[in-house]
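The values are calculated or read from the model by the stated rules, or taken from the named source; none is laboratory data. Given the structure is predicted, the values throughout are model-derived calculations rather than measurements. Cβ placement follows ideal geometry from the backbone for every residue including glycine, while neighbour counts extend to all protein chains displayed.
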């Protein structure tokens with residue numbers, strides 16, 4: 001059976017899952033109690049996002065990670081009875097575990113065990129809609145699977161899932177060897193190279209259109225798609241669930257002055273996003289790297305919003321955007337409709353202070369604050385503009401019309417040989433104008 005046949009339609013994943021979040025208390029992977037609780041809550045949301053039934057969860061203190069089990073032997077034995085009593089057919093280890101740890105835990109608990117990476121990949125496998133999205137997820141899944149070929153499946157029961165990480169024996173058992181996986185990886189990479197070339201052509205085509213690109217980024221379920229729909233008056237899928245959007249969407253938006261921009265909605269980020277997935281989605285995430293302005297959308301009502309913001313900025317840094325918060329990024333504090341009125345007022349007052357010049361408070365759901373965001377975007381591009389003096393001949397009417405359409409005319413003088421203009425142009429428009437001239 002080939003790898004691409006392992007996927008199933010949305011909503012077909014099933015199973016009873018028990019979630020274990022190991023809170024590492026020492027070393028480089030150490031985390032606070034609050035962060036661990038947030039991660040456990042998030043893991044529950046991830047499992048429910050793929051229609052798994054969560055029957056129980058445990059957060060365990062781990063002073064040092066065991067090479068063979070990740071957890072301590074006493075902890076593993078203690079969980080065995082609880083997992084059995086709850087009739088769990090699947091255990092989610094909310095961490096990145098090695099193939100050996102995974103196999104040993106399966107033997108100890110006699111159930112299928114998946115880790116955080118595999119669950120996220122499984123969700124992505126079900127949610128990707130475009131051919132490009134499915135190729136990117138499959139590439140990440142195959143890269144992950146390649147290191148986990150030698151595993152004991154015989155005692156496990158089959159469950160359905162988007163890319164086979166939740167699979168067991170029987171007709172859907174993963175029966176791939178490294179040669180088959182490697183051949184498929186090579187084929188996918190070639191197809192994605194074609195996609196990347198097409199994207200570059202699209203970018204060149206957009207270079208001929210004087211519209212700056214504004215990209216929405218943020219933690220998954222922060223409300224990016226709802227904001228996108230509100231700003232563009234479109235109907236992109238926007239649901240209160242993790243990873244509702246995987247495939248990028250672009251629409252044109254009018255700013256208050258009539259100036260136009262292109263708004264791009266992108267995949268949501270999450271803490272400990274698998275590195276293979278970041279690599280596979282690099283072609284898509286390049287839209288963020290190429291953007292003239294980034295809107296970092298935050299769910300300000302979430303109890304761990306600061307941690308989520310930190311995770312997003314880390315991923316942006318990993319992509320190559322260094323010190324982005326000090327340059328071309330506006331922080332959008334969304335979901336204020338879920339806050340108490342006093343908290344809303346305090347947040348708005350704080351955003352108006354001079355130390356928060358790049359923050360906007362709004363509710364994408366109700367529309368409150370959207371005009372403030374549009375004006376903030378407008379101000380950003382106005383502040384980037386440069387004043388230039390241009391001399392045109394009278395017969396060069398097309399260039400004159402283009403300048404009126406894409407710049408701000410400050411002064412116009414007509415002489416014997418032609419027209420002299422003082423114009424404010426954004427760096428993007430100025431570069432395109434100079435290229436055309």
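Residues that are modelled with pLDDT of 55 or more and buried (at least 20 other Cβ atoms within 10 Å of the Cβ) within region 231-254 comprise 231, 248, listed in sequence order.
Could you tell me which of the residues 224, 190, 204 is modelled with pLDDT under 75 and not assigned by TED's automatic domain parsing to the domain that holds residue 95? Checking each option against the conditions leaves just 204.
With respect to the conditions (1) under 13 Å from residue 17 (Cα atoms); (2) in a loop (DSSP other than H, G, I, E, B), residue 68 lacks only one, and its number is (1).
Candidates are the residues of region 275-285 that are buried (at least 16 other Cβ atoms within 10 Å of the Cβ) and within 12 Å of the chain's Cα centre (by Cα); the one that is modelled with the lowest pLDDT is 284.
Only one of these conditions is not met by residue 379: (1) over 19 Å from residue 257 (Cβ atoms); (2) assigned by TED's automatic domain parsing to the domain that holds residue 261. Which number is it? Of everything listed in (1) over 19 Å from residue 257 (Cβ atoms); (2) assigned by TED's automatic domain parsing to the domain that holds residue 261, residue 379 misses just condition (1). Residue 353 fulfils the conditions (1) under 30 Å from residue 290 (Cβ atoms); (2) modelled with pLDDT under 80; (3) part of a loop (DSSP other than H, G, I, E, B) except for a single criterion, (1). The single condition among (1) buried (at least 23 other Cβ atoms within 10 Å of the Cβ); (2) assigned to a helix (DSSP H, G or I) that residue 92 does not meet is (2). The set of residues in region 390-432 being part of a strand (DSSP E or B) and under 23 Å from residue 257 (Cβ atoms) consists of 390, 408, 409, 410, 411, 412, 421, 422, 423, 424, 425. Screening 407, 418 for residues that are buried (at least 18 other Cβ atoms within 10 Å of the Cβ) and free of Cβ contacts under 8 Å to residues at least 60 places away in the same chain leaves exactly one candidate, 407.
The residues of region 110-125 that are surrounded by 21 or more Cβ atoms within 10 Å (Cβ to Cβ) and over 12 Å from residue 141 (Cα atoms), listed by number, are 111, 112, 113, 114, 115, 116.
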